[in-house]
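Peer 1: Submitted below is the structure of interest, expressed as structure tokens.
The values are calculated or read from the model by the stated rules, or taken from the named source; none is laboratory data. Source: prediction; values computed, not measured. Here the Cβ positions follow ideal geometry from the backbone for every residue, glycine too, while neighbour counts run over all protein chains shown. Only protein heavy atoms, including side chains, enter the accessible area calculation; ligands, DNA and RNA are left aside. Shrake-Rupley method; radii C 1.70, N 1.55, O 1.52, S 1.80 Å.
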Amino acid sequence: MEISSDTFLDNASAALRDTDKAKRRDFIAIATPQIRKAAIDEFEGFDALRKHVKRIRQHSLNNLAHYLEKFEQEAVQNGNRVHFARDGAQLNDIVLDICQQHGAKKVIKGKSMITEETGLNDFLKRGNLDVVETDLGEYIIQLAGEAPSHIVGPALHKSADEIGELFLKNHKLGDREFQETENLVDEARGVLREHFLKGDVGIIGSNALIAENGYSMLVTNEGNGDLCANLPDVLVICTSIDRVLPRAEDATAMLRLLVRSATGQPQTCYTSFYSGPRRDTDIDGPVETHFVLLDNRRSDILTSDYREMLECIRCGACLNHCPIYASVGGHAYGSVYQGPMGSVLTPLLTSLEESSALPNACTTCGRCAEVCPADIPLPDLLRNLRQEENDKKLTSSRWRSGLKLHSWLARHPRLYQWVTGIVIPAMHIIGGSRGRLSRLPMASGWTSQRDFPAPESRTFMQQYKARLRKNHEQ
Amino acid sequence: MSNSSRAELLDKLRDTASGQSAGRIELERNAMGSGNAPFVSANNLSLTYLQNVLANRGSITCVANRNEAVQAVGNYLYGHFRSHRLVAGNDPRLAAMPWRDAGVLPRFGSLEEGEPAALSYAKLGIVETGAVVTYTGKGNPCANHLLPEHHLVLVDVNDLVLNLEQAWEKINGDLGKDGRPRGINMIAGPSSTADIEGQVVYGAHGPRRWHVILLGEVPEETRELAKNNAPTD
Ligand code: SF4
């Protein structure tokens, strides 16, 4: 998985200066939480269902070998070929091999985070294949040569005007104007319809693999994934090993959480379950179907303290509720996974050395954990990654010494109270009538950008003791 | 290449797994039961169902019998296309409809370029989400629900189920009886996208309009709802 997360701070600074994109980030941060809240308020049992699905997910992960084998057995019986890929490179090789065996020229793709993770598009292009993303958002960023900025809405950072310019440049359809968003969607519909009809191989992702019957669930609103799954002669479903669930009803229980959290709907326009190649009674559909199941370190994550991250259902709610994501946008993360879920997952799928800035891109406000339909304690996982960063000495020695000092002090409460009893009132006095400090030793990272609010005149413990004394006297 | 990865991976996973037998794993899953579904009043299922279809931006018609059904299809087609061109899957229930009475002569098969509308007969309607369920096959080629401009679906009022769990009960019954269809499709609205500035636009890649015709005896209230929300051209 290719990342550029080491430049997070520079990317973030650049993003903060881009006021045009900030408007669209504001939309994500303001509108999507409201849409989600309305949907969840209407469904009173959301929290109880969240707990139920979590139990099922944990049960599936506890017995992953069993359920994967069961799924494989059923899928093979349904007429599929099932491949396992250790890492991204192996997945790419397997898919290219399938395409070449069929002499494919054009590959049409539905939205798939797994193939974003493995960089499949570039790999197939190097193998002389014409690869067309068909999800509208993915298609737009493919034309722009960009990475997705959001796991659900990959092109939400782009304005309609920018998209219009892209279409004018890339679609040779003569002079025209795009008055409305509908005109843009219409043009993409027409252009992509041609690609759909000419695709030799379709590649899609999967929201869940169902062990009991070997079906794969696909959740979309556009229907592009379904066209990719149904029109070409060959279908390849690329997903990861952690997507397997015991039963069909488990998949749709999860669907209730996923769709409400992502788009606020009770169910997307298309929820499709695919079992394999065309049957004797079918008059359309692919004649050959493959599953490629990716590990890429997930089996390591399973045995680590970060195991709960495998329960993520990719709804995007944690991005939509994250103040950091809202401020700097998805590209700053330098990864196909952004926001809180990306800040946990990226270091686990790559290395903390390459992406240590990400776990620090968090204010620990806790909103992500509150809204996560998979009930993943994201701030805890981010904090653990920071701890690891510290233990591995990836932070500066000055930072580590400061933390060590703080931790030592915190373990000596009397001394801690004595020191803060001097420092806090002193800061209060220096803050003066403005109540703010414009400079602080060892905290220039903060004060170079903004003032530090001066604390109250006394510490909490000083005030608490004074109150106890007063109560005692009365 | 993927064979060695398979063995390697499954061995690794087995080492870390709970080590329980398949039977115990099954028992453990059974003990977890089903998740809770949103409350749906069983009072007037047809009314709630059509309300949810409308919320999904579908349009609705209510008909009491097959004669009314073909008339409704004919009226819809004429209203939108000034023609009666229609494609329908080779579903015996559709073939047995009195099409001539409405002047509609469907072509039975898979949608071809230039054909604007297709009709499916749903296996089920899911009240909880306002969705229809179809199985791909001769009776419902996938082109018919993915490629037309308008997708019309007949839903028998006796095929309404309360929620997704009940839908699976029925679907699993069919799978046990008739084998597994290649695709099980739950459809809940016309194709849509919000990928440009978050603005919802209908008709992304699939049908721009989705029309549900509910067939059977329903309470007056349901008929009223359908009458007040008659599809516009
Ligand atoms: S971590 Fe939770 S909120 Fe974030 S994408 Fe995953 S499931 Fe959704």
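Peer 1: With respect to the cross-link table entries A:LYS51/B:LYS123; A:LYS111/A:LYS158; A:LYS70/B:LYS177; A:LYS111/B:LYS177; A:LYS158/A:LYS198, which display a Cα-Cα separation exceeding 23 Å? Each step should come with its number before you reach the end.
Peer 2: Values: A:LYS51/B:LYS123 31 Å; A:LYS111/A:LYS158 18 Å; A:LYS70/B:LYS177 21 Å; A:LYS111/B:LYS177 34 Å; A:LYS158/A:LYS198 28 Å.
With Cα atoms farther than 23 Å apart: A:LYS51/B:LYS123; A:LYS111/B:LYS177; A:LYS158/A:LYS198.
Peer 1: Could you tell me how many degrees, from 0 to 90 and to the nearest 10, lie between the Cα long axis of helix A:160-170 and the main elongation axis, the longest principal axis, of the Cα atoms of chain A?
Peer 2: 40 degrees
Peer 1: Using the alpha-carbon centroid of each, what span in Å lies between region A:220-298 and region B:43-60?
Peer 2: Region A:220-298 and region B:43-60 have Cα centres spaced 26 Å from each other.
Peer 1: Now a separate question. Straight-line reach from A:LYS404: which lysines have Cα under 29 Å away, leaving out those fewer than 8 places along the same chain?
Peer 2: Output for A:LYS404: A:LYS392, A:LYS393, A:LYS465.
Peer 1: Which ³J(HN,Hα) values, rounded to whole Hz and listed in residue order, are derived for region A:208-225 from phi using the Karplus coefficients 6.51, -1.76 and 1.60 in 6.51 cos²θ - 1.76 cosθ + 1.60 with θ = phi - 60°, glycine and proline given as x?
Peer 2: Whole-Hz 3J(HN,Hα) from phi for region A:208-225: 6, 9, 9, 5, 5, 9, x, 7, 10, 9, 10, 10, 8, 9, 7, x, 5, x.
Peer 1: Between region B:159-233 and region A:88-121, how far is it from one alpha carbon centroid to the other, in angstrom?
Peer 2: The two parts, judged by their Cα centres, are 32 Å apart.
Peer 1: In degrees between 0 and 90, to the nearest 10, how far off the longest principal axis of chain A does helix A:46-62 point, with axes built from Cα atoms?
Peer 2: 70 degrees
Peer 1: Also, I was wondering about something else. Bins of 20 Å, beginning at zero and ending with the bin holding the largest distance: percent of Cα pairs per bin for the protein assembly as shown, please.
Peer 2: The percentages, shortest bin first, are 16, 48, 26, 8, 1.
Peer 1: State the percentage of accessible surface on chain A attributable to carbon and sulfur atoms; use a 1.4 Å probe and exclude ligands, DNA and RNA.
Peer 2: On the way: 10490 of 20680 Å².
That fraction is 51 percent.
Peer 1: Cut-off 10 angstrom, C-alpha nodes, Gaussian network model of chain B. Which of B:SER46, B:SER192, B:SER21 fluctuates the most?
Peer 2: It is B:SER21.
Peer 1: Given 10 Å bins starting at zero, what is the percent of C-alpha pairs of region A:1-51 in each, up to the one with the largest pair distance?
Peer 2: With a bin width of 10 Å, the distribution comes to 20, 26, 26, 25, 3.
Peer 1: In degrees between 0 and 90, to the nearest 10, how far off the longest principal axis of chain B does helix B:2-16 point, with axes built from Cα atoms?
Peer 2: 70 degrees
Peer 1: Between A:VAL76 and B:GLU112, take the C-beta separation as r, use R0 = 25 Å, and let me know the FRET efficiency to the nearest 0.05.
Peer 2: Values: r = 34 Å, r/R0 = 1.36.
Efficiency computed from Cβ-Cβ geometry: 0.15.
Peer 1: Let me ask you something else. From largest accessible area down, sort A:ARG81, A:ARG36; use a 1.4 Å probe on the protein chains.
Peer 2: Working: A:ARG81 120, A:ARG36 30 Å².
Order by accessible area, largest first: A:ARG81, A:ARG36.
Peer 1: Mind ranking A:99-112, A:434-447, A:18-31, B:81-94 by how tightly packed they are, going by the mean number of other C-beta atoms within 10 angstrom, highest first?
Peer 2: Details: A:99-112: 19.9, A:434-447: 11.9, A:18-31: 15.1, B:81-94: 17.6.
Output ranking for A:99-112, A:434-447, A:18-31, B:81-94: A:99-112, B:81-94, A:18-31, A:434-447.
Peer 1: Between region A:132-203 and region A:380-437, how far is it from one alpha carbon centroid to the other, in angstrom?
Peer 2: Computed from Cα coordinates, the inter-centre distance equals 49 Å.
Peer 1: So how much accessible surface do A and B hide from each other in total, probe 1.4 Å, in square angstrom to the nearest 100? Write down the numbers at each step before the final one.
Peer 2: On the way: alone 24200 and 13410 Å², together 30380 Å².
Buried area (both sides, nearest 100 Å²): 7200 Å².
Peer 1: To continue, here is another question. Ignoring any ligand, DNA or RNA, what whole percent of the accessible area of region B:2-160 comes from carbon and sulfur when the probe is 1.4 angstrom?
Peer 2: On the way: 3120 of 6650 Å².
The C+S portion of the solvent-accessible surface of region B:2-160 is 47 percent.
Peer 1: How large is the accessible surface per residue of region A:398-473, computed with a 1.4 Å probe and reported in Å² as a whole number? Provide the component values of the computation, followed by the final result.
Peer 2: On the way: 6500 Å² over 76 residues.
The answer is 86 Å² per residue.
Peer 1: Now, a different point. Quick one: length gained pulling A:ALA22 to A:ASP375 fully straight, 0.36 nm per residue minus the C-alpha distance? Let's see the in-between values first.
Peer 2: Working: separation 353, 0.36 × 353 = 127.08 nm, distance 2.87 nm.
Roughly 124.2 nm would be gained on extension.
Peer 1: Could I ask something else about it? Percent of Cα-Cα pairs more than 27 Å apart in region A:1-156, please.
Peer 2: Values: 5866 of 12090 pairs.
It works out to 49 percent of all Cα pairs.
Peer 1: So what is the accessible area of region A:99-232 per residue, in Å², with the probe set to 1.4 Å?
Peer 2: Details: 4700 Å² over 134 residues.
Averaged over the residues of region A:99-232, the accessible area is 35 Å².
Peer 1: Taking 50 Å² as the minimum loss, tell me which residues in region A:181-202 lose that much accessible area going from the chain by itself to the full protein complex (1.4 Å probe).
Peer 2: When all protein chains are present, A:THR181, A:VAL185, A:ARG189, A:ARG193 each give up 50 Å² or more of accessible surface.
Peer 1: Comparing the chain by itself with all protein chains present, which residues of region A:105-141 are at least 30 Å² less accessible (probe 1.4 Å)?
Peer 2: Relative to the lone chain, where solvent access is computed with a 1.4 Å probe, region A:105-141 loses at least 30 Å² at A:LEU136.
Peer 1: Here's something else I'd like to know. Taking a ≥ b ≥ c as the square roots of the eigenvalues of the Cα gyration tensor of chain B, is the shape rounded (a/c under 1.5), prolate (a/b larger than b/c) or oblate?
Peer 2: Numbers: a/c = 2.02, a/b = 1.69, b/c = 1.20.
It is prolate, given that a/c is not under 1.5 and a/b is the larger ratio.
Peer 1: Given only helices, namely DSSP H runs of n ≥ 4 each adding -39500 (n - 2.57), what is the per-residue ellipticity at 222 nm of the protein assembly as shown, to the nearest 500 deg cm²/dmol? Present the calculation step by step, with values, prior to reporting the outcome.
Peer 2: On the way: 31 runs with 338 residues, N = 707.
-14500 deg cm²/dmol, from helical runs alone.
Peer 1: Further question on the same structure: If you keep only loop residues by DSSP, which trypsin sites (Lys or Arg not before Pro) in region A:130-179 have at most 16 other Cβ atoms within 10 Å of their Cβ? If you can, show how the numbers build up before the last one.
Peer 2: Numbers: sites: A:LYS158, A:LYS169, A:LYS172, A:ARG176; in loops: A:LYS158, A:LYS172, A:ARG176.
Passing sites in region A:130-179 are A:LYS172, A:ARG176.
Peer 1: Any cysteines in the protein assembly as shown with zero other Cys Cβ atoms under 4.7 Å from their Cβ? List them, or say none.
Peer 2: That list is A:CYS99, A:CYS228, A:CYS238, A:CYS269, A:CYS312, A:CYS315, A:CYS322, A:CYS362, A:CYS365, A:CYS372, B:CYS62, B:CYS142.
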